[in-house]
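Working notes, beginning with the structure itself.
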């Protein structure tokens with residue numbers, strides 16, 4: 001029986017020859033993670049239920065990334081709980097000098113590999129899927145059960161294949177493709193489905209831009225998003241891989257639920273306006289809109305390639321006086337690399353702030369929370385009411401070059417206007 | 001068996017940032033989170049909603065962040081059942097795992113005045129606004145969901161098998 005890449009990976013991890021959409025299956029999990037929000041619940045549950053150890057300490061890690069460095073006594077207490085529980089269960093903890101956003105760190109540390117089955121303790125864990133693994137996000141109790149048993153249950157998703165056609169226009173990135181797609185299908189348009197990205201534009205994208213796409217599958221309700229591994233994928237993951245892996249490919253002619261063709265020939269950089277990621281249009285629709293803050297970072301667009309793209313625009317320029325700009329790398333390695341490559345100097349010379357790795361203002365916890373009436377242009381992934389602070393604030397989502405150009409102009413703008 | 005409570009109506013795409021804003025996530029118990037439940041939608045909800053009440057939402061309830069603090073806060077308020085036309089996958093799993101009752105009724109439910117009496121027959125998946133004369137029928141949960149609920153949540157089930 002012919003199977004899609006998603007079905008094949010799930011079948012292998014369920015110890016079955018094949019699975020079909022709708023099957024409820026018990027699967028082994030290759031990698032999981034949690035963070036300073038989830039770990040107190042997840043590891044606390046292990047303690048409460050008398051579970052003495054996690055199934056494999058090499059297949060889990062925790063990052064303190066939302067409320068760290070502690071910004072209040074209350075968050076310091078929660079971070080302390082996270083630290084104590086990680087120590088008790090011998091779970092590797094990354095914070096401060098090794099801080100990172102967990103779904104980015106999993107990729108960087110080579111523990112989300114082609115053919116693997118990944119379940120992370122945050123919704124954007126689906127990001128790793130662009131490397132050719134099944135990757136999905138779950139909540140704290142599901143992660144606790146995985147830590148206890150090394151297994152979880154899944155409903156095998158139907159596959160919706162998104163076939164992109166046409167050539168990428170200037171300044172159009174993976175972020176624009178996924179924002180446009182969410183705009184077309186809606187925030188539940190891929191409800192519990194496997195989103196499979198194919199076509200020449202996907203092949204043309206560098207791996208980190210594909211990761212920006214799979215990252216936002218959850219914003220369309222996708223259970224996972226996946227790209228079949230190609231030469232670019234293998235060149236990216238092979239030097240990082242922490243363990244052997246075997247790429248998996250779908251069977252040609254395997255049945256899928258639906259194929260959606262998206263012609264991007266005329267697509268311009270996309271901006272999603274408040275208060276849904278599906279509220280998208282061309283950047284021109286909001287051209288000239290005034291801004292209070294620009295944020296470049298997050299797990300979606302905090303890769304070194306994103307910082308390079310933003311720095312190329314900001315080099316030799318100054319950010320506008322009417323706004324503030326913050327650039328946040330997604331991992332400590334990206335942070336170091338940005339310093340080594342001189343990107344940090346460019347950001348600072350331009351008048352932007354350059355911070356240590358955290359989730360930053362994406363999640364409205366620190367490093368740029370918005371006041372009532374303020375408007376932020378953000379390379380992150382969500383613009384729901386109050387996502388970045390006050391429910392009276394507004395978040396517009398875009399790619400890193402639109403963010404950088406807008407930072408210089410002080411209003412929403414394209415690099416062509418500089 | 002019908003149990004009644006006040007019914008409170010919400011719209012489509014109520015995401016978990018609205019159900020539990022980030023600034024309260026340093027808390028991690030249902031009791032501590034309850035006062036802030038739904039405050040990203042309207043700060044008056046936590047004082048309005050009483051134990052036994054029913055939330056009735058539109059499509060895609062609980063989309064966005066995987067934060068389990070969202071269903072924990074609703075559980076802390078003593079909400080009897082959350083009814084929606086559809087739930088996002090992660091929220092649905094989280095709620096089942098902690099023993100918060102959810103009922104998926106795909107058909108649009110006519111909005112009643114806020115606080116109207118709502119009757120729930122959870123074992124049979126039914127909602128009514130007139131003590132069972134007119135009923136709205138929910139989708140039966142998957143077998144694994146019933147199994148988790150029967151154990152009182154996922155971790156009791158896992159621990160019982162350890």
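If you go through the range A:321-329 one residue at a time, do you hit one that is over 19 Å from residue A:209 (Cβ atoms) and modelled with pLDDT under 95?
Within the range A:321-329, one or more residues are over 19 Å from residue A:209 (Cβ atoms) and modelled with pLDDT under 95.
Taking the range A:149-241 and the helices (runs of 4 or more DSSP H) fully enclosed by it, the elements with 2 or more residues that are within 14 Å of chain B (Cβ to nearest Cβ) and either under 19 Å from residue B:64 (Cα atoms) or out of contact with any helix residue (DSSP H, G or I) (no Cβ under 8 Å at 6 or more places or on another chain) (or both) are at A:174-185.
Quick one: would you say residue A:307 is away from chain B (no Cβ under 14 Å), in contact (Cβ under 8 Å) with a residue 60 or more places away in the chain and either farther than 26 Å from residue A:63 by Cα or part of a helix (DSSP H, G or I) (or both)? Yes, satisfied. Taken over the range B:77-91, the criterion of being surrounded by fewer than 23 Cβ atoms within 10 Å (Cβ to Cβ) and within 14 Å of another protein chain (Cβ to nearest Cβ) is satisfied by B:85, B:86. Taken together, the criteria exclude residue A:288 from residues that are without any contact (Cβ under 8 Å) to a residue 60 or more places away in the chain, part of a loop (DSSP other than H, G, I, E, B) and farther than 30 Å from residue A:72 by Cβ.
Scan the range A:354-385 for residues that are farther than 22 Å from residue B:26 by Cα, touching a helix residue (DSSP H, G or I) at 6+ places or on another chain (Cβ under 8 Å) and not in a loop (DSSP other than H, G, I, E, B) and jot them down. A:354, A:376, A:377, A:378, listed by residue number. Scanning the range A:10-68 for residues that are in contact (Cβ under 8 Å) with a residue 12 or more places away in the chain, part of a helix (DSSP H, G or I), within 14 Å of chain B (Cβ to nearest Cβ) and closer than 22 Å to residue B:68 by Cβ yields a count of 9.
Checked against (1) away from chain B (no Cβ under 14 Å); (2) in contact with a helix residue (DSSP H, G or I) (Cβ under 7 Å, 6 or more places away or on another chain); (3) more than 20 Å from residue A:138 (Cβ to Cβ), residue A:107 passes all but a single condition, namely (3).
Hey, could you check the range B:142-162 for residues that are assigned to a loop (DSSP other than H, G, I, E, B) and free of Cβ contacts under 8 Å to residues at least 12 places away in the same chain and say which is farthest from the other protein chains (Cβ to nearest Cβ)? Filtering first and then ranking leaves B:151. All told, residue B:99 meets the bar of being at pLDDT below 95, surrounded by fewer than 20 Cβ atoms within 10 Å (Cβ to Cβ) and in contact with a helix residue (DSSP H, G or I) (Cβ under 9 Å, 6 or more places away or on another chain). Scanning the range B:24-59 for residues that are surrounded by fewer than 24 Cβ atoms within 10 Å (Cβ to Cβ) and facing chain A (nearest Cβ under 7 Å), which turns out farthest from residue A:44 (Cα to Cα)? Checked the range B:24-59; the qualifying residue farthest from residue A:44 (Cα to Cα) is B:59.
The values are calculated or read from the model by the stated rules, or taken from the named source; none is laboratory data. None of the values given here were measured: they were computed from a predicted structure. Ideal geometry is used to build each Cβ from the backbone, glycine not excepted, and the neighbour counts take in all protein chains shown.
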